[in-house]
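Everything on this sheet refers to the single structure shown next.
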Amino acid sequence: MSQPEYTTAQATALTNHDRKPIHIPGSIQPHGILLALSTQLEILQVSNNTQAYLGKEPEDLLGKPLSYLLNSLQVETVKQCLVKKIGSANAFKVLINTLHGERYFDAIAHRTEEAVILELEPTDSKSELSFLSFHTLAGEAIAKMQSTSNLIEFLHLVAEEVQKIIGFDRVMVYQFDQSEAGSVVAEVKREDLSPYLGLHYPATDIPAQARELYTRCFLRFLPDLTAEPVKLVPTENPTTHQHLDLSYCLLRSFDWCCAEYHQNMGVKALLVISLIQEQKLWGLISCHHQTPKYISYEVRKMCEFLGQIVSSELAHKISHSEWDYKVKLKSLQSEFLESISQADNFIDALIKPEIRLLDLVSASGAAVCLDNEITLVGTTPNIDEVRALIEWADTQVSDNLFSTDSLPKLYPEALRFKDTASGLLLLRISKVRRYYILWFRPEVLQTVHWAGNPQESIQTKADGSYTLSPRKSFEQWQETVRLTSLPWKACELDSAIALNNAIVGIVLSKADELAKINLELERSNQELASFAYAASHDLKEPLRGIYNFSTVLLEDYGQLLDDEGIECLQTVVSLSVRMETLINALLRLSQLGQAHLREQATDLNELLTQVIEVFRASRQDSGLMDIRIPRPLPTIRCDRVLVNEVFSNLLSNAFKYNDKAEQWVEIGYLDEGLATRDWRLGKSFLNPIPNPQSPIPNPQSPIFYIRDNGIGIPQHHLETIFRLFKRLHSQEKYGGGAGAGLAIVKKIVELHNGKIWVESTLGVGSMFYFTLE
């Protein structure tokens, strides 16, 4: 079976196995008895072995109150479970009269959603274990375990102390990895047994259902894996008509697969203690014995207590090297984030110096993607491969943080660059924009020692489906693992998340600063517009006086002046007219700055007809003008008067700056969506590549255009022509003018939340585009 086939088969087999509910087996182990009680403590179900322990048949107990077996004080103790949380147990000693005389039991009571469960295990001990006795037994073991700060030494001491307490042949500490597989990291065993230390076990050995139960029940005890389970009578709860939930039951029977698996290892008795770290299953203390072996309830409780101590100590036993590494990452993180917050250029702050971005997560390469701009750092796939990888991540990765140490298994195209990027850590900075940081790690060939061939756990049925089956051999089996990198550590993922949070914080801070600046600019612009309006309005009166008096002097006193004096007065009159034109333009622009749009549905065909009629009426050579409209224009919402001014200005300029014998102008629009596609493909009427400063159009808005065959505009002036009073020619050429028409057009378009830009070729013509949102 190939690796991809094995991976698929493993996932299918695990899914099939996890469909089997192991928490409701309908039976218990035979070393005790079980009673299921109603909330009124009436016996609803019993295990079918009460005759052996109590001398009473199940039928003799069903329907009876619990007081039929226990005294009032003991019944009250069981009743206390009703106010406790699910799974929380009360344990006590009980003395029950049986056909064979008085017999002591360890009683353990807890409640489920639908019942109270009472388990009874026979015991030779007549009294409760005192706290002092418990502390004496456990205290020495705890003291030894706390004597070292090294994690491996600590886990070895744990195995030693547990073995001393329970006397099993083998005690192992088993640690899970990110894939839910695991390995033996500490072991104490009988000398004649083969070692399992360092061996790996696939995730199929402890399926998800079993792992979930280990997170809720911290100890599991199977004293005899060869024993036959004992059925419950009746099989279903008569009140709920459901199988009884035995998740928290100490006596819950075991799955046949579990029994066969351990018997194939030569194990007849099993004790498992959960190790929980940060509310997750970190690992297990797994204890094996070659023959059936019973351990008293008190000793098991002490083992469970030791497991909780070990769980709490795990966080403090991290190796010094890992602790130093975490400190290093934190230090680098702080320095990095400080420099980003103070930088003017975000990308430069991220990638300079290069090593800093890589060291943040111990990567060999990185890519910073801000929309279509990708910057590569260190050893990475080429830019086309990174772009394709980001396209894949857009559709396949939903989380803001994604990591894998085997990218080719998820993204087959990564096989081409496995030497640089078998490992990927991806950070999505924005869900609105395509902002990513990707870190890469190269392939690292690894040799893994398995406890037997893991593929033997997957069996193919006659119908072609897959199922789990216990392996027959646990002899060391070696595998070379390819297409994987070193795994990403939790602290490295935390470092990436911290970077993301910091970037968001910095962006929000910058946004606040920009908002304040924009508010101040808006206030200043309003004041400036008011000043410009007042100034231009007030300047017109003295200017009118200068013009009038100069005209009077020329008409009434011209004979008294010499030629030089007359020329000076004529210049004053000409300059007055020029200045009035400029003041009128400034006044118009300032009016637009304070204008409020009066939007209405406007048929642009009617509006354009009016514009053309007025334009032809004002020109003597109107018969020579060729105005083309390829198709009817749409109806849009806009300020009719202002848009009339836009078309008038652009149409006037199109003929004004045209030296051809046959002049023509075309007015039209580009379809929604098609405009965006053509822009991205670089299509235009005049140039193979659009102006790089041109905005990307909104695909929901049509793009209007006015195209001519005029003199054209030099490339370096395509932006400057929209500035106020900007002229490309002297006053004597092309009919003069104030140089304010395009600035006014731009202002009107922006009032409509639109954009305007131009493409042009000298000697061929120009094409003005604009949108009205």
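Collect the residues in the stretch 629-648 that are in contact with a strand residue (DSSP E or B) (Cβ under 9 Å, 6 or more places away or on another chain) and in contact (Cβ under 8 Å) with a residue 40 or more places away in the chain, keeping them in residue-number order.
Answer for the stretch 629-648, where residues must be in contact with a strand residue (DSSP E or B) (Cβ under 9 Å, 6 or more places away or on another chain) and in contact (Cβ under 8 Å) with a residue 40 or more places away in the chain: Leu633, Pro634, Ile636, Cys638, Asp639, Arg640, Val643, Val646, Phe647.
Looking only at residues in the stretch 195-205 that are in contact (Cβ under 8 Å) with a residue 60 or more places away in the chain and in a loop (DSSP other than H, G, I, E, B), which one is surrounded by the fewest Cβ atoms within 10 Å (Cβ to Cβ)?
That would be Gly198.
Considering the stretch 140-165 alone, what residues qualify as being part of a loop (DSSP other than H, G, I, E, B), in contact (Cβ under 8 Å) with a residue 60 or more places away in the chain and small (Gly, Ala, Ser)?
Within the stretch 140-165, just Ser149 meets the criteria.
Which of (1) open to solvent by 60 Å² or more (accessible area, probe 1.4 Å); (2) under 30 Å from Pro202 (Cβ atoms); (3) at pLDDT 90 or above does Lys20 not meet, given it meets every other one?
Answer for Lys20: the failing condition is (3).
Collect the residues in the stretch 379-399 that are over 13 Å from Ala414 (Cβ atoms) and in contact (Cβ under 8 Å) with a residue 40 or more places away in the chain, keeping them in residue-number order.
Thr379, Asp394
In the stretch 281-311, what count of residues is obtained for those that are closer than 18 Å to Gln175 by Cα and of a type in the set (Val, Ile, Thr)?
3
Condition first: modelled with pLDDT of 85 or more and open to solvent by 60 Å² or more (accessible area, probe 1.4 Å). Now tell me which residues in the stretch 491-516 satisfy that.
The answer is Asp494, Ile497.
Being closer than 18 Å to Gly741 by Cβ and either open to solvent by 80 Å² or more (accessible area, probe 1.4 Å) or at pLDDT below 80 (or both) narrows it down to one residue among Arg628, Arg619; which is it?
Being closer than 18 Å to Gly741 by Cβ and either open to solvent by 80 Å² or more (accessible area, probe 1.4 Å) or at pLDDT below 80 (or both) holds for just one of Arg628, Arg619, which is Arg619.
Would you point out the residue of the stretch 251-285, among those that are among the polar types (S, T, N, Q) and part of a strand (DSSP E or B), that is nearest to Ile166 (Cα to Cα)?
Ser274
Of all residues in the stretch 44-57, how many are more than 21 Å from Tyr294 (Cβ to Cβ) and more than 51 Å from the chain's Cα centre (by Cα)?
3
Would you point out the residue of the stretch 594-616, among those that are more than 50 Å from the chain's Cα centre (by Cα) and open to solvent by less than 90 Å² (accessible area, probe 1.4 Å), that is farthest from Val643 (Cα to Cα)?
Among those that are more than 50 Å from the chain's Cα centre (by Cα) and open to solvent by less than 90 Å² (accessible area, probe 1.4 Å), it is Arg616.
Which one of the conditions (1) more than 21 Å from Gly266 (Cα to Cα); (2) in contact with a helix residue (DSSP H, G or I) (Cβ under 8 Å, 6 or more places away or on another chain); (3) open to solvent by less than 20 Å² (accessible area, probe 1.4 Å); (4) not basic (Lys, Arg) does Gln209 fail to meet, given that it meets all the rest?
Unmet condition: (3).
Could you run through the stretch 167-191 and say how many residues are closer than 12 Å to Ser286 by Cα, in contact with a Pro (Cβ under 8 Å, 6 or more places away or on another chain) and surrounded by fewer than 20 Cβ atoms within 10 Å (Cβ to Cβ)?
Of the residues in that region, 1 qualify.
Mind checking which residues of the stretch 388-398 are open to solvent by 50 Å² or more (accessible area, probe 1.4 Å), under 12 Å from Tyr436 (Cα atoms) and either among the hydroxyl-bearing types (Ser, Thr, Tyr) or within 14 Å of the chain's Cα centre (by Cα) (or both)?
Asp394
Open to solvent by 20 Å² or more (accessible area, probe 1.4 Å), assigned to a helix (DSSP H, G or I), of a type in the set (Ser, Thr, Tyr) and farther than 21 Å from Lys293 by Cα: which single residue out of Thr235, Thr239, Thr215 fits that description?
Of Thr235, Thr239, Thr215, the one residue that is open to solvent by 20 Å² or more (accessible area, probe 1.4 Å), assigned to a helix (DSSP H, G or I), of a type in the set (Ser, Thr, Tyr) and farther than 21 Å from Lys293 by Cα is Thr215.
So if I check each of Val267, Val310, which one is under 28 Å from Asp124 (Cβ atoms) and open to solvent by less than 10 Å² (accessible area, probe 1.4 Å)?
Unique residue meeting the criteria: Val267.
Do we find that Pro454 is modelled with pLDDT under 75, buried (at least 18 other Cβ atoms within 10 Å of the Cβ) and under 33 Å from the mean Cα position of the chain (by Cα) in this structure?
Criteria met by Pro454.
Those residues that are open to solvent by 90 Å² or more (accessible area, probe 1.4 Å) and over 18 Å from Leu275 (Cβ atoms), I need them from the stretch 136-146; list them, please.
Hits for the stretch 136-146 are Thr136, Leu137, Glu140.
Given the condition charged (D, E, K, R), at pLDDT below 95 and under 49 Å from the mean Cα position of the chain (by Cα), answer yes or no: does some residue in the stretch 84-93 qualify?
Yes; the residues of the stretch 84-93 include at least one that is charged (D, E, K, R), at pLDDT below 95 and under 49 Å from the mean Cα position of the chain (by Cα).
Taking Lys126 and the conditions (1) modelled with pLDDT of 90 or more; (2) assigned to a loop (DSSP other than H, G, I, E, B); (3) basic (Lys, Arg), which numbered condition does it fall short on, given that it satisfies the others?
Lys126 satisfies every listed condition except (1).
Return the pairs, sorted by first residue and then second, in which the second residue is surrounded by fewer than 23 Cβ atoms within 10 Å (Cβ to Cβ) and among the charged types (D, E, K, R), the first residue lies in the stretch 167-183 and is assigned to a loop (DSSP other than H, G, I, E, B) and at pLDDT below 90, the beta carbons are less than 9 Å apart, and the residues are 6+ apart or on different chains.
Note: pairs meeting the criteria are Gln178/Asp405; Glu180/Arg211; Ala181/Asp205.
The values are calculated or read from the model by the stated rules, or taken from the named source; none is laboratory data. Source: prediction; values computed, not measured. Neighbour counts are summed over all protein chains in view; Cβ atoms, including those assigned to glycine, are modelled from backbone coordinates with ideal geometry. Protein only, heavy atoms only, side chains kept; ligands, DNA and RNA dropped before computing areas. Shrake-Rupley method; radii C 1.70, N 1.55, O 1.52, S 1.80 Å.
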